[in-house]
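Below: the structure, in structure tokens.
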Amino acid sequence: MNILIINSGSSSIKFQVLQMPAEKVLCSGIVERIGSEDAIVQYKTSDDKLEETVPVKTHEDGLQRVVALLLHPEKGVIKNTADIHVVGHRVVHGGNSFSNTTLINEAVKREIAQYAALAPLHNPNNLIGINIAEKLFPTAKQVAVFDTAFHQSIPEKAHKYAIPEQLYSEQHIQLYGFHGTSHKYVSERAIAYLGLQPSKIISIHLGNGCSMTAVVNGKSTDHSLGFAPSNGLIMGSRSGDIDHSIIFYLVNHLGYSLEDVNKMLHKESGMLGLTGHADLRDVQREAENGNQACKLALAMNAYRIKKYIGAYAAAMNGLDAIIFTAGIGENSSLLRDLVCADMDFLGIELDSVKNEERQQVLREINTPNAKVKILVIPTNEELEIAKQAYQIIA
């Protein structure tokens, strides 16, 4: 069974074609910096590799390019669209409607659209991917895997907000959590690698969107994102945690509309608002060149992560390991260093030599005698989605 995985992020599309159940990767790739004139498209098979810089204005443009590569007469891995049997889609927000992987139909698409207001950078793009895939792969079954599903285990004391009860019981306003596919995959790998039972782990997913999860015995017990994927850590263009009084001040005293504030907090804040750059690679480069705003933004980013590590270690009453994953977590030795500095009180001690190694494999970067393991684990949301899609179809 050939399964195409489409993972649409806020500014990227990751994709893979896997042959299941053998988990054989036929091709993989990514479209990055969507919305720019210099988007990067990477495509790889066992025999070939391609990288190009092209304008990709929308997610639809990016997906059209992906399909063209899959069908490429020389570099492609399929002869026609019927060779794809299942398309597995990452969908960010499933609310209370979806706690498990599900086959997509019109009713499911309507539900995904309804949650767009809670995940405005993601659900609309996820839905675009579904609609395009239905047109381009008409014989394939479409399957949705929800980011929120892994966090269904978060207890009520952690997922409930201190607001009027009817907003929780009737309107279902609560913490839902996100990046669940990634957190589930890397935490399970960590537990298997360390042979821990019981286990207390903090998974740190750092990309354009960022989140952290406290994982006890393989179950999500707390998470930094909440009702929508906008609070918590400082992200590429999202503010993360702010005092909600700021919103009222912007509206009542500075003349902002609610639409303006929403746009600002989702698309004009975070690293972009602090530095003018949403991509951490650009921020790091400018910081190395002496840009003080970029240096401060990196320090702020790391400081926020430190605070959540401390909070989750306290909530779990212990800590066995922390995991760095996703594009920034796996590749930014600088941010890992900033996060782990001066954390020896909690038993977190970074080995600076190991930290600088660039290997796309699970590895330890802690000192030999550190009480807490520091792991870098490449996430593989696509494989996790393929497994769940295969289970529901097979």
(request) For segment 133-177, name all the residues that are in a loop (DSSP other than H, G, I, E, B), surrounded by 12 or more Cβ atoms within 10 Å (Cβ to Cβ) and not aromatic (Phe, Trp, Tyr). (result) Ala140, Asp147, Thr148, Ile154, Lys160, His172, Ile173, Gln174, Leu175, Gly177
(request) Check Asp241, Asp260, Asp222 and return the single one that is closer than 30 Å to Ile191 by Cβ and out of contact with any strand residue (DSSP E or B) (no Cβ under 6 Å at 6 or more places or on another chain). (result) Asp241
(request) Within segment 181-220, count every residue that is surrounded by fewer than 22 Cβ atoms within 10 Å (Cβ to Cβ), of a type in the set (S, T, N, Q) and touching a helix residue (DSSP H, G or I) at 6+ places or on another chain (Cβ under 6 Å). (result) 1
(request) Report yes if some residue within segment 221-235 is outside any helix (DSSP H, G or I), under 22 Å from the mean Cα position of the chain (by Cα), of a type in the set (D, E, K, R) and surrounded by fewer than 20 Cβ atoms within 10 Å (Cβ to Cβ); otherwise report no. (result) no
(message) Residues that are of a type outside the set (Lys, Arg) and assigned to a helix (DSSP H, G or I): does segment 88-106 have at least one?
(response) yes
(request) Could you tell me whether any residue of segment 304-322 is surrounded by fewer than 18 Cβ atoms within 10 Å (Cβ to Cβ), in a loop (DSSP other than H, G, I, E, B) and of a type outside the set (A, V, I, L, M, F, W, C)? (result) yes
(request) For segment 346-353, indicate whether the set of residues that are in contact with a helix residue (DSSP H, G or I) (Cβ under 7 Å, 6 or more places away or on another chain), assigned to a strand (DSSP E or B) and either assigned by TED's automatic domain parsing to the domain that holds Ile6 or modelled with pLDDT of 95 or more (or both) is non-empty. (result) yes
(request) Kindly provide the set of residues from segment 11-42 that are touching a helix residue (DSSP H, G or I) at 6+ places or on another chain (Cβ under 7 Å), over 16 Å from Gly88 (Cα atoms) and not in a strand (DSSP E or B), ordered by number. (result) Ile34
(request) Determine whether segment 161-176 contains at least one residue that is in contact with a strand residue (DSSP E or B) (Cβ under 7 Å, 6 or more places away or on another chain) and outside the structural domain of Ala315 (by TED's automatic domain parsing). (result) yes
(request) Could you please give the count of residues in segment 178-208 that are under 20 Å from Ser12 (Cα atoms), of a type in the set (Gly, Ala, Ser) and part of a helix (DSSP H, G or I)? (result) 2
(message) Could you list, ordered by first residue, the pairs with Cβ atoms under 9 Å in which the first is in segment 60-87 and in contact (Cβ under 8 Å) with a residue 24 or more places away in the chain and the second is of a type in the set (Lys, Arg) and buried (at least 16 other Cβ atoms within 10 Å of the Cβ), at least 6 apart or interchain?
(response) Leu69/Lys75; His85/Lys141; Val86/Lys141; Val87/Lys141
(message) Which numbered condition in (1) outside any loop (DSSP other than H, G, I, E, B); (2) at pLDDT 90 or above; (3) touching a helix residue (DSSP H, G or I) at 6+ places or on another chain (Cβ under 8 Å) is the only one that Ile128 fails?
(response) (2)
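The values are calculated or read from the model by the stated rules, or taken from the named source; none is laboratory data. Predicted, not measured: the structure shown is a model, and the values here were computed from it. Positions of Cβ are backbone-derived with ideal geometry, glycine not excepted, and every protein chain shown enters the neighbour counts.
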